[in-house]
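Only one structure is covered here, and it is reproduced in the block below.
The values are calculated or read from the model by the stated rules, or taken from the named source; none is laboratory data. Values in this document were obtained by computation on a predicted structure and should not be read as measured data. Every residue, glycine as well, gets a Cβ built from its backbone with ideal geometry; the counts of neighbours run over all protein chains shown. Ligands, DNA and RNA are excluded from the accessible area calculation, which covers all protein heavy atoms including side chains. Shrake-Rupley method; radii C 1.70, N 1.55, O 1.52, S 1.80 Å.
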Amino acid sequence: MDHFLYRDGALYAEDVSISEIADSVGTPFYVYSTATLLRHFRLFDDALEGMDHLVCYAMKAASNQAILKTLGDAGAGMDVVSQGEYLRAKAAGIPGNRIVFSGIGKTAEEIRTALTGGIRQFNVESEPEMAVLNAVALELGVIAPITIRVNPDVDARTHAKIATGKSENKFGIPISRARAVYAHAATLKGLKVIGIDVHIGSQLTDLTPFEQAYTKVAELTETLRNDGHEITRLDLGGGLGIPYVHSNQAPPLPADYGAVIKRTVGHLGCEVEIEPGRLIAGNAGLLITKVIYVKSGEDREFMILDAAMNDLIRPAMYDAHHDIIPVIEPAAAILPRTYDIVGPVCETGDTFARERAMPPVAADDLIAFRGAGAYGAVMASEYNSRPLIPEVLVNEDQFAVIRRRPTYEEMINRDTMPAWL
Ligand SMILES: *Cc1c(COP(=O)(O)O)cnc(C)c1O
C-alpha cells in the first residue's frame, strides 16, 4: 500500500498534487511519501513485536538525510555499507549505537571512522577484514563488537545480480567454515564476537529461502554456543520483495516474514536485527517525468521522456519492471495505445519499457513511475552530463525539496583544469 492516489482526476502524493510539485521544481524529480515510509517501517517493527529487536533500515536503498531522519525519529536503526553512508546517517542524527556496518570491503579508514564515531556492530565478511578490524581497534584502544556474516548457500530465487546467499557469491564466509572462523575471532583481543549475520539477497518474493537460511542460522547458534561463544544477537539481513507490478500476486507481507523469524530463531533468546531497504522505500517513491516527444517508428510508437537511465537505472541494469502511469487520470473508457517508453540518452539500453499499453499521451504530459523509491535516486549518475535530479519529500499537505537540482554551472565547475592546459 502507498499514499499515491488519484484524486479528482489527478495524481496526489498524500495531500499534495503531483502537478503542483512539478510546477514548482520542474521535471524530472523523485517524490517520496512520509506516510508510506513510516507505514512500511512500522509493519516490520510490529512484525517483530514480542522479540528484542531493531529494524535497521538498509540506507543504500534511498539515503537522503530527510528520509533517514524520518525513519530514525520513528525508532529505526541504519545498516550502512560505506564510510559515506555512515557519515550521512550520523549527519541525519542517527546515534552510533543504532548503526550497523555491513559490506565486504571495509577499509581501515572506514573502520576507524566508525569505531571513533560510535557503532552498534560490524558485520564482518572475511578473515582478512577481521584482522584489519582487530588491528584498528587495538590501535584505538577499543573493543569492536562483531557478528560474522555467514553464507548459508541457499538459493534466494531472485535476479542473479542481487542474489547474495549462494556459495558462488562474494558475500560472507561459507557456513561450513563458521566454527573455525569464530574460534579464530575469539582469540583476537580487539574484537568481541556477539552474534551471527546473514543476508541472502534482494527482491525475494517467497519466504522459503528465508526459512532455510534462518534455520541454518539457528543451528549454527546452538553449535557456536556449545563451542563456548556467547551468541546474543542475530542480524537476519534484508531482502523482502515488493510488488512492482500492480496486478500481480503480492509478495509475502512483513507480518508473515516476522512469523518465519519467530518460528526459526525465536526460541534462542537472541536480540534480532533485520535490514530491510527496498520494502521500506520502494513503494514510497515515484519518479515524475515529462513526455518530450511522441515519435512514430516503423512498427511502433516511442514515448520519449525527460528522465533517462542515468536517473533510474533499474530497467537497464536488472530488466526491472516499473508500473508507469499518467499523472492526469485517464478517462475510464479510453483505449490504450502501445508504446516503447525511452529516455533521451544515446544508448538503446535507455529503454524503460517495451510494448507497454498506456492511455494515449502527448508532449508535455506528466508521467509517474511507481515503485521508484528504492535503488532509484541513489543509483543515479550524471551520464550524458545530465545533472542529478531533485528529491522531494511530502508530509500530509506539505512538501519540501530535500535535494535540489544542481545548476549546470555547479556540475561543470566540479572539473578542474590541470596547469598545463
Ligand atoms: C542490500 C542489503 C540490504 C537491503 O536489501 P533490500 O532488498 O533492499 O531489503 C540489507 N543488508 C545488506 C547487507 C545488504 O547488502
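Taking region 107-125, which residues are within 12 Å of the ligand (Cβ to nearest atom) and assigned to a loop (DSSP other than H, G, I, E, B)? The one that is within 12 Å of the ligand (Cβ to nearest atom) and assigned to a loop (DSSP other than H, G, I, E, B): E125. Given the structure, is D8 over 20 Å from the mean Cα position of the chain (by Cα), assigned by TED's automatic domain parsing to the domain that holds A332, open to solvent by 50 Å² or more (accessible area, probe 1.4 Å) and without any contact (Cβ under 8 Å) to a residue 24 or more places away in the chain? Here the answer is yes, as D8 does meet what is asked. Considered as a group, the residues in region 286-298 that are of a type in the set (V, I, T) and crowded, with 24+ Cβ neighbours inside 10 Å include one that is nearest to the chain's Cα centre (by Cα), and that residue is I288.
For every residue, the table says whether it meets (1) within 16 Å of the ligand (Cβ to nearest atom); (2) free of Cβ contacts under 8 Å to residues at least 40 places away in the same chain; (3) surrounded by 20 or more Cβ atoms within 10 Å (Cβ to Cβ); (4) not acidic (D, E).
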{"site": "I200", "(1), (2), (3), (4)": "yes, no, yes, yes"}
{"site": "T205", "(1), (2), (3), (4)": "yes, no, no, yes"}
{"site": "G238", "(1), (2), (3), (4)": "yes, no, yes, yes"}
{"site": "Y257", "(1), (2), (3), (4)": "yes, no, yes, yes"}
{"site": "I261", "(1), (2), (3), (4)": "yes, no, yes, yes"}
{"site": "G269", "(1), (2), (3), (4)": "no, yes, no, yes"}
{"site": "I280", "(1), (2), (3), (4)": "yes, no, yes, yes"}
{"site": "A284", "(1), (2), (3), (4)": "yes, no, yes, yes"}
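Restricting attention to region 92-114 and to residues that are of a type in the set (G, A, S) and in contact with a helix residue (DSSP H, G or I) (Cβ under 7 Å, 6 or more places away or on another chain), the residue that is surrounded by the most Cβ atoms within 10 Å (Cβ to Cβ) turns out to be A114.
Cβ-Cβ contacts under 6 Å between residues 6 or more apart (or on different chains), taken from a first residue in region 66-82 that is away from the ligand (no atom under 16 Å from the Cβ) to a second residue that is of a type in the set (V, I, T), are listed as A66/I402; T70/T34; G72/I94. If you go through region 1-30 and keep only what is among the hydrophobic types (A, V, I, L, M, F, W, C) and either outside any loop (DSSP other than H, G, I, E, B) or closer than 16 Å to E329 by Cβ (or both), you end up with F4, L5, A10, L11, A13, V16, I18, I21, A22, V25, F29. Of V245, V150, V217, all but one fail to be open to solvent by less than 20 Å² (accessible area, probe 1.4 Å) and either part of a strand (DSSP E or B) or away from the ligand (no atom under 16 Å from the Cβ) (or both); the exception is V150.
For region 220-236, a residue qualifies if it is among the charged types (D, E, K, R) and either exposed (fewer than 14 other Cβ atoms within 10 Å of the Cβ) or away from the ligand (no atom under 16 Å from the Cβ) (or both), and the qualifying residues are E222, R225, D227, E230.
Could we say that S126 is closer than 22 Å to R233 by Cβ and surrounded by fewer than 22 Cβ atoms within 10 Å (Cβ to Cβ) here? Here the answer is yes, as S126 does meet what is asked. Answer yes or no as to whether A76 is modelled with pLDDT of 95 or more and surrounded by 24 or more Cβ atoms within 10 Å (Cβ to Cβ). Yes. Is it the case that some residue within region 114-124 is under 16 Å from P276 (Cα atoms), in contact with a Lys or Arg (Cβ under 7 Å, 6 or more places away or on another chain) and assigned by TED's automatic domain parsing to the domain that holds R179? Within region 114-124 (the criterion being under 16 Å from P276 (Cα atoms), in contact with a Lys or Arg (Cβ under 7 Å, 6 or more places away or on another chain) and assigned by TED's automatic domain parsing to the domain that holds R179), the answer is yes, since at least one residue qualifies.
Got at least one residue in region 155-174 being at pLDDT 95 or above, away from the ligand (no atom under 14 Å from the Cβ) and part of a helix (DSSP H, G or I)? Scanning region 155-174 turns up no residue that is at pLDDT 95 or above, away from the ligand (no atom under 14 Å from the Cβ) and part of a helix (DSSP H, G or I). Being surrounded by fewer than 16 Cβ atoms within 10 Å (Cβ to Cβ) and either closer than 29 Å to Y214 by Cα or outside the structural domain of I231 (by TED's automatic domain parsing) (or both) is a description that does not apply to A144.
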